[in-house]
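Report on one structure; see the data block that follows.
The values are calculated or read from the model by the stated rules, or taken from the named source; none is laboratory data. Quantities reported herein were computed from a predicted structural model and do not represent experimental measurements. Neighbour counts run over all protein chains shown; Cβ positions are idealised from the backbone, glycine included.
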Amino acid sequence: MRASQLHQPTLREAPKDAEVISHQYLVRGGYIRRVAAGVYSFLPLGVRALEKVKAIVRQEMNRAGAQEVFMPAIVPAELWQESGRWDFYGPELLRIKDRKQADFCVGPTHEEVVVDLARKDVRSYKQLPVNFYQIQTKFRDEMRPRAGLMRGREFIMKDAYSFDATVEGAHKSYQAMYDAYQRIFTRLGLDFRAVEADTGNIGGSMSHEFQVLADSGEDNIVSCDTCDFAANVEKAPLPENAFAPIDAGVGPFHAVETPGTKTIESLCKLLNVTAQDTIKAVLYMADDQPAVAFVRGDREVNEVKVKQALGARTLFLAEAEWFAKTTGLPPGYIGALGTGKLRCVLDTEIRAMPKAVCGANEKQKHTVDVVPARDLADATYADLRMALPGDPCPKCAGKLRAFKGIEVGHVFYLGQKYSKAMNATFLDQDRTEKPFEMGCYGIGVSRILSAAIEQNNDARGIQWPVSIAPFEVAVLAVDPSELAEQLYTELQNADIDVLLDDRDERPGVKFNDADLIGYPLQIIVGRKAAEGIVEVKIRKSGVRLELPVANLVATVQKAIALARTGKPIELGAA
């Protein structure tokens, strides 16, 4: 491709709504343009980068035995009603009506459609296992779309769905997809971690997220400093705590006046205690009923764990006025003693407290000298707290470390969640009808562009991994040059994805655009061209070399071939 024929409208300034560096550089580099909140058009450079990602995804999915299909974006409500998700999914589901006033939705994911496909065509165990995948545009009506492609409403996704006859077979399919994802993200040149995760709206009993490590990531993940354990903090289990021994010197619990102490901070100041000595109440509406989760005062509640502990389908923070009116208890002074039939669950860490302060369930009062082993022995306990750096690893004697991540892939073991609900069965070898064992597997194709930039950038622009870059090599002709044309032709013949910047622009403009757009390898044909010498710049490392033209193409070809596997460009190693 010649730059003089390429639409690459680079910008000096980023739009005001571009919060993160990937959004800024995707707009400035001429990759995307905003159409509406969370909705973007992809320009030629953006399409080229997307196609690079799609090609690797397709190769690895096909290698793993999956078969590509293409399902409709507009889905009839009947299928979602069968699965039970029509009323459960929430406002992110974009619901529409056709001219006959029939209900449809724009598919944010396609479990229902693919189950309908399978139950019509896959009738015997002899046809199993089977895995269908597609690469398609999805829509989720995010309340606050942000960060460009990282949190958009419309996005491109690869979603796959496996069908098996047995649980054992489904686990093999799950592992095959897990391994395929490892290969995909390695080939894309990303620094990533596979972490245990919550199943969310998709459902199922097991899942892993693939997180690209980046300071700008929205997800908090933890990993062990000793073993291979890693998890999203929403999922990370923490070891069970035993009751602390009862101190006979602590008298019975009793209430004390604590006016104006609705916060842990104000309570600690009044009673001269630390947050670790207090029990904090967090008020919820669980399936439209009031519920309370209690954690130690210096801890944060993990709502995913609370939802699981309560066995709730829906969980929302409760408004204080509604909670008080519904329960008769005063928010700010609610404690774990004397709550009647109110649904309460306590974090297991509370059991390890020798004594504690908690609300007295009366206005302006708290209860002191609460000994959990003595006074709360019959309470309901569960792991409710958010994992933090320094917490013990649930699998070994190590400690947890914290990272920020951008979720780019997610694999789920669904079991029979959808096949049972939608009566999707096959005839087993014993001649009985059985529901499919399922898994589903997603990759955020368009989000990968943002994640890669968040991990690969500097003050000048993007530093693409070779496997994602819209062009692998840019030949920058300082002046019109036969040598530049020669190298361009030879690189094309060597199966290198190359751009020739033949524009009638100043050298500085070409250099700045090349860095902003992020071409991994730049060959500058300049003042020494007549001597058969060019300057070669590796964008990621900043290394500059003056190399003779003789054997240059062969050297570049070897370096690019190695970098296509996900490794950095190293000309010296070629």
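Brief remarks on what is shown
- If the condition is being assigned to a loop (DSSP other than H, G, I, E, B) and over 22 Å from GLU454 (Cβ atoms), then the range 132-142 contributes only ASP141.
- Criterion (among the charged types (D, E, K, R) and touching a Ser or Thr at 6+ places or on another chain (Cβ under 7 Å)) met by exactly one of ARG153, ARG193, ARG183: ARG193
Residue-wise test of (1) surrounded by 23 or more Cβ atoms within 10 Å (Cβ to Cβ); (2) under 30 Å from ALA180 (Cα atoms).
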{"site": "LYS434", "(1), (2)": "no, yes"}
{"site": "ILE448", "(1), (2)": "yes, yes"}
{"site": "GLU482", "(1), (2)": "no, no"}
{"site": "ARG527", "(1), (2)": "no, no"}
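- Scanning the range 23-47 for residues that are surrounded by 19 or more Cβ atoms within 10 Å (Cβ to Cβ) and either modelled with pLDDT under 95 or of a type in the set (D, E, K, R) (or both) yields ARG28, GLY38.
- Check on ILE56, within 28 Å of CYS440 (Cβ to Cβ) and crowded, with 16+ Cβ neighbours inside 10 Å: yes
- Qualifying position, being more than 30 Å from GLY90 (Cα to Cα), surrounded by fewer than 23 Cβ atoms within 10 Å (Cβ to Cβ) and more than 29 Å from the chain's Cα centre (by Cα), among ALA320, ALA356, ALA336, ALA352: ALA352
- Within the range 145-188, considering residues that are in a strand (DSSP E or B) and over 17 Å from the mean Cα position of the chain (by Cα), the one nearest to LYS126 (Cα to Cα): ASP164
Conditions (1) crowded, with 20+ Cβ neighbours inside 10 Å; (2) part of a strand (DSSP E or B); (3) of a type outside the set (Phe, Trp, Tyr), marked per residue:
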residue: LEU190; (1), (2), (3): yes, no, yes
residue: ALA194; (1), (2), (3): no, yes, yes
residue: ASP215; (1), (2), (3): no, no, yes
residue: GLU265; (1), (2), (3): no, no, yes
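- Residues of the range 382-432 that turn out to be charged (D, E, K, R) and in contact with a Leu (Cβ under 6 Å, 6 or more places away or on another chain), as a count: 2
- Inspection of the range 302-313 identifies at least one residue that is assigned by TED's automatic domain parsing to the domain that holds ILE279 and either assigned to a strand (DSSP E or B) or among the acidic types (Asp, Glu) (or both).
- Strands (runs of 3 or more DSSP E) lying entirely in the range 341-402 (those with 1 or more residues that are within 30 Å of ARG193 (Cα to Cα)): 343-347
- Tally, over the range 473-501, of residues that are at pLDDT below 95 and closer than 30 Å to ILE21 by Cβ: 2
- Failed criterion for MET71 (all others in (1) of a type in the set (A, V, I, L, M, F, W, C); (2) closer than 30 Å to THR186 by Cβ; (3) more than 25 Å from the chain's Cα centre (by Cα) hold): (3)
- Hits in the range 112-131 - residues which are outside any strand (DSSP E or B), buried (at least 16 other Cβ atoms within 10 Å of the Cβ) and not β-branched (Val, Ile, Thr): GLU112, ASP116, LEU117, ALA118, ARG119, TYR125, LEU128, PRO129
- Filter pass, GLU68 being closer than 30 Å to GLY169 by Cα, out of contact with any Pro (no Cβ under 7 Å at 6 or more places or on another chain), surrounded by 15 or more Cβ atoms within 10 Å (Cβ to Cβ) and modelled with pLDDT of 95 or more: no
- In the range 1-22, the residue that is surrounded by the most Cβ atoms within 10 Å (Cβ to Cβ) out of those that are more than 25 Å from the chain's Cα centre (by Cα) and of a type in the set (S, T, N, Q) is GLN8.
- Restricted to the range 413-507, the set of strands (runs of 3 or more DSSP E) holding at least 3 residues that are touching an Asp or Glu at 6+ places or on another chain (Cβ under 9 Å) and farther than 30 Å from ASP191 by Cβ comprises 425-427.
- Residue match in the range 152-166 (condition: of a type in the set (Asp, Glu), free of Cβ contacts under 8 Å to residues at least 40 places away in the same chain and in the same structural domain as PHE426 (by TED's automatic domain parsing)): no
- Candidate set: the range 531-553, residues that are in contact (Cβ under 8 Å) with a residue 12 or more places away in the chain and of a type in the set (Gly, Ala, Ser); chosen: the one surrounded by the fewest Cβ atoms within 10 Å (Cβ to Cβ): ALA550
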